[in-house]
Ligand code: GLU
């Protein structure tokens, strides 16, 4: 490491207090515009910042764009305006290089990298949401860094710059991240476009995305950063609703992740609720139960004590629901005590109800989750 880099890394990263951090990186930061090559020095510096955060106990995920920007060069389409199907083809080619580059760069720190390609549906539709979340949670538990991008080859909508801002926010919501960093080419939000308004003032903190804040980002126009400040504000809104703090800051320099929020200023979007609370209010408020699980007294007591609901505590299963659906939790006398996202379909839940978790595989022919409803997915009434 150079002396300059050592100095840049002096002290703790400003974001060291984060529990679960997502850093979203746009193509413009990663890919050298003229050659269409990945900026290896920038990636190496980021890897050092990530290693430092992880050493302090922060879990880190990367949402990385760049597949199209890299792939179009290999297709001889650099500079040209390309059609949607060519973008999708470029993404299919570029994604290999992109994932490989992350793998190589983080391997230098002994960090395993996992490629996760998602479509918006994977984060929105509950069953796929649950699968995607379990996989990402498992990767984090095993110590890997998930590198996430949109699955551009199957995407049906026009791929636009800025999609990954939203994807990063949806992932933040899905896995209850507490910090999302959107690395941009501008140091944050201004009261107006600073390129055209010398009087534009920097906004250090936003507590609520009001129409005024949206107007600062430039309304419906592309805005003033490469991905557009408008999409970043839209992403911040999604993440804030999930209790996740969002930083928008300039990522061009080496070691930006280390410096951001500390010696390098950024705009912070600070939500009122914590991620866990926000997730629970989403489960309790936004979802209509598709069925019910009637539990025995022992299970009701265990739930009140903060435990998960195990199959052994379920007496009967009501309704037709799928894995990932919301279900009500009832006592034997029909009183509702809560609700949660169930890990089994109604049919499978019926087969394992009353049984020990160790018997699940023998009963269903596959090894599912030990819990019928995990405590993170469960909200008790009142
Ligand atoms: N998924 C696209 C890519 O990897 C980028 C989309 C975006 O930057 O929002 O090239």
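Just so it is clear, none of the values below were taken in a lab; they were calculated from the coordinates. Please read all numbers here as calculations on a predicted model, not as lab measurements. Here the Cβ positions follow ideal geometry from the backbone for every residue, glycine too, while neighbour counts run over all protein chains shown.
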Original post:
When only C-alpha pairs under 8 Å and at least 6 residues apart count, what is the relative contact order of segment 4-95, in percent?
Top reply: 31
Subject >> Three semi-axes of the equivalent ellipsoid, segment 25-92, Cα gyration tensor, whole Å, largest first >> reply: 29, 13, 7
Original post:
Taking the alpha-carbon centroid of each part, what is the distance from segment 234-281 to segment 70-128 in angstrom?
Top reply: 24
Original post:
P(r) tail for the chain, what percent of Cα pairs lie past 28 Å?
Top reply: 50
Subject >> Residue among 348, 333, 187 with the largest mean-square fluctuation in a Gaussian network model of the chain, springs linking Cα atoms under 10 Å >> reply: 333
Subject >> Relative exposure of 258, 100, judged by other C-beta atoms within 10 Å (fewest first) >> reply: 100, 258
Original post:
What angle, in degrees between 0 and 90 and rounded to the nearest 10, separates the Cα long axis of helix 163-174 from the longest principal axis of the Cα atoms of the chain?
Top reply: 30
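Let me have the relative contact order for the chain, percent, based on Cα pairs under 8 Å that are six or more residues apart.
15
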Original post:
Which percent, nearest 5, of DSSP beta bridges in segment 55-213 are antiparallel?
Top reply: 20
Subject >> Estimated inter-spin distance, residue 104 and residue 359, nm [label 7 Å along Cα→Cβ] >> reply: 5.4
Original post:
Roughly how tilted is helix 40-55, in degrees to the nearest 10 and between 0 and 90, from the longest Cα axis of the chain?
Top reply: 40
**OP:** Evaluate E = 1/(1 + (r/R0)^6) for residue 112 and residue 37, where r is the Cβ-Cβ distance and R0 equals 22 Å; express this FRET efficiency to the nearest 0.05.
**Re:** 0.35
**OP:** Please quote Rg/Rh for segment 238-329 to two decimal places, taking the Kirkwood radius as Rh and restricting both calculations to Cα atoms.
**Re:** 1.23
**OP:** For segment 18-82, give the share of DSSP beta bridges that are antiparallel, in percent and rounded to the nearest 5; count only bridges with both residues there.
**Re:** 25
Original post:
Using the per-residue mean of other Cβ atoms lying within 10 Å as a proxy for protection, in what order, highest first, do the peptides 234-242, 105-113, 77-85 fall?
Top reply: 234-242, 105-113, 77-85
Subject >> Cβ-Cβ FRET estimate between residue 277 and residue 134, R0 fixed at 22 Å, reported to 0.05 >> reply: 0.55
Original post:
Sorted from fewest to most neighbouring beta carbons within 10 Å, what does the list 122, 381 look like?
Top reply: 381, 122
Original post:
What length, rounded to one decimal in nm, is gained on full extension from residue 210 through to residue 304, with 0.36 nm per residue of separation minus their alpha-carbon distance?
Top reply: 30.0 nm
Original post:
What is the distance, in nm, between label points placed 7 Å from the Cα along the Cα-to-Cβ direction at residue 335 and at residue 316?
Top reply: 1.8
Subject >> Ranked 321, 202, 269, criterion: other C-beta atoms within 10 Å, fewest first >> reply: 202, 321, 269
Original post:
What does the helix-only formula give at 222 nm for the chain: each DSSP H stretch with n ≥ 4 adding -39500 (n - 2.57), the total divided by the residues, and the result rounded to the nearest 500 deg cm²/dmol?
Top reply: -11000 deg cm²/dmol
Original post:
How far is helix 275-286 tilted off the main Cα axis of the chain, in degrees rounded to 10, range 0 to 90?
Top reply: 60
Subject >> Inter-label distance for residue 84 and residue 263, nm, one decimal - labels placed 7 Å from Cα along Cα-to-Cβ >> reply: 4.6
**OP:** State the Cα centre-to-centre distance between segment 324-382 and segment 180-212 in whole Å.
**Re:** 45
